[in-house]
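Report on the structure given below.
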Amino acid sequence: QVQLVESGGGSVQAGGSLRLSCVASARTFRLNVAWFRQAPGKEREFVAAIKWTAIESFYADSVKGRFTISKDNAQNTVYLQMNSLKSEDSAAYHCAARYPGSWPKTQPHEYEFWGQGTQVTVSS
């Protein structure tokens with residue numbers, strides 16, 4: 001079992017930045033890790049993913065060029081740097097992990113392990 005704990009959420013004005021962290025209880029070098037987000041009344045949607053090698057990453061079109069996912073295997077931590085935030089980025093952000101398989105995976109049911117989430121609120 002892998003436990004994931006997110007942090008770094010908060011309130012920010014449009015155009016601002018936040019960095020989310022996801023700390024894993026297991027060695028992240030063995031895991032593919034993704035960030036998803038869910039706004040009230042909406043389905044959980046894929047944001048970004050990083051492969052266990054930390055070499056490859058994949059982004060949703062809505063965040064490409066603004067968000068960056070990175071992985072520090074020594075710290076068992078995955079980060080999501082979010083720049084140029086927009087009001088539509090407001091959501092609960094969840095970290096998810098799976099053991100490596102085909103790549104990339106963008107559907108929530110394809111991930112085995114989940115964190116509780118951290119709230120991001122962007123005001124315009």
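The values are calculated or read from the model by the stated rules, or taken from the named source; none is laboratory data. Model, not experiment: these values are computed from the prediction. Here the Cβ positions follow ideal geometry from the backbone for every residue, glycine too, while neighbour counts run over all protein chains shown. Protein only, heavy atoms only, side chains kept; ligands, DNA and RNA dropped before computing areas. Shrake-Rupley method; radii C 1.70, N 1.55, O 1.52, S 1.80 Å.
Brief remarks follow.
- Matching residues in the stretch 1-47 - criterion: being hydroxyl-bearing (Ser, Thr, Tyr) and modelled with pLDDT of 95 or more: SER7, SER11, SER17, SER21
- Every condition in (1) in contact with a strand residue (DSSP E or B) (Cβ under 6 Å, 6 or more places away or on another chain); (2) open to solvent by less than 60 Å² (accessible area, probe 1.4 Å) is met by THR53 except one, and the failing one is (1).
- Scanning the stretch 59-84 for residues that are modelled with pLDDT of 95 or more, over 11 Å from the mean Cα position of the chain (by Cα) and either loosely packed, with under 14 Cβ neighbours inside 10 Å or part of a strand (DSSP E or B) (or both) yields ASP61, LYS64, GLY65, SER84.
- Taking the stretch 1-16 as the range and being touching a helix residue (DSSP H, G or I) at 6+ places or on another chain (Cβ under 9 Å) and open to solvent by 70 Å² or more (accessible area, probe 1.4 Å) as the test, no residue passes.
- Output for the stretch 85-124, where each listed residue is touching a Leu at 6+ places or on another chain (Cβ under 9 Å) and either part of a loop (DSSP other than H, G, I, E, B) or small (Gly, Ala, Ser) (or both): LEU85, ALA96, ALA97, TYR99, PRO100, GLY115, GLN116
- Any chance LYS42 is open to solvent by 40 Å² or more (accessible area, probe 1.4 Å) and touching a strand residue (DSSP E or B) at 6+ places or on another chain (Cβ under 6 Å): no
- Residue in the stretch 17-39 that is open to solvent by less than 60 Å² (accessible area, probe 1.4 Å), basic (Lys, Arg) and either within 11 Å of the chain's Cα centre (by Cα) or closer than 24 Å to HIS109 by Cβ (or both) present: yes
- Scanning the stretch 55-76 for residues that are within 17 Å of GLY101 (Cα to Cα) and out of contact with any Phe, Trp or Tyr (no Cβ under 8 Å at 6 or more places or on another chain) yields ILE55, SER57.
- Residue within the stretch 38-55 that is assigned to a helix (DSSP H, G or I) and either among the basic types (Lys, Arg) or free of Cβ contacts under 8 Å to residues at least 40 places away in the same chain (or both) present: no
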